[in-house]
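Report on one structure; see the data block that follows.
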Amino acid sequence: MQENIIYISIDKVLPTEELGHGKDHECPGVECEKIIQSKMTDIEQGSFEPIQVCNQKPIVTARLSGQEDYVAPPKSEQEESFFYVLDGHHRLEAAKRLGLDKVPTIRSQK
């Protein structure tokens, strides 16, 4: 079954720092830049895989998941007016650099 793709204003799509991107992340700088440039080329050639988003802040963080004593707090049921990236941080950055107004997304319930 095909998932519904919706186009969202790029200003309402936020990187999720806890998942490894945003201000500081584990992707090596030079490698990260190569990936973004590749995604920019893909987008310019008409191939833009939708970005997976949710409109509830993800709770389990990359820094805390895997710690034996970590217990995730219950997720808030309140939906936000913006969306967090679950998968597609490099595509989002590429779209921003290309000056796109909207990006294709798939909304997840994660």
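Please state which of the following conditions residue 98 fails to meet, knowing it meets all the rest: (1) surrounded by 14 or more Cβ atoms within 10 Å (Cβ to Cβ); (2) under 26 Å from residue 34 (Cβ atoms); (3) at pLDDT 75 or above.
Failing condition for residue 98: (1).
Tell me whether the range 80-93 contains one or more residues that are closer than 16 Å to residue 9 by Cβ and at pLDDT below 65.
yes
Considering each residue of the range 24-48, count those that are at pLDDT 95 or above, among the charged types (D, E, K, R) and surrounded by 13 or more Cβ atoms within 10 Å (Cβ to Cβ), and give that number.
2
The values are calculated or read from the model by the stated rules, or taken from the named source; none is laboratory data. Since the model is a prediction, treat every value here as computed from it, not as a measurement. Positions of Cβ are backbone-derived with ideal geometry, glycine not excepted, and every protein chain shown enters the neighbour counts.
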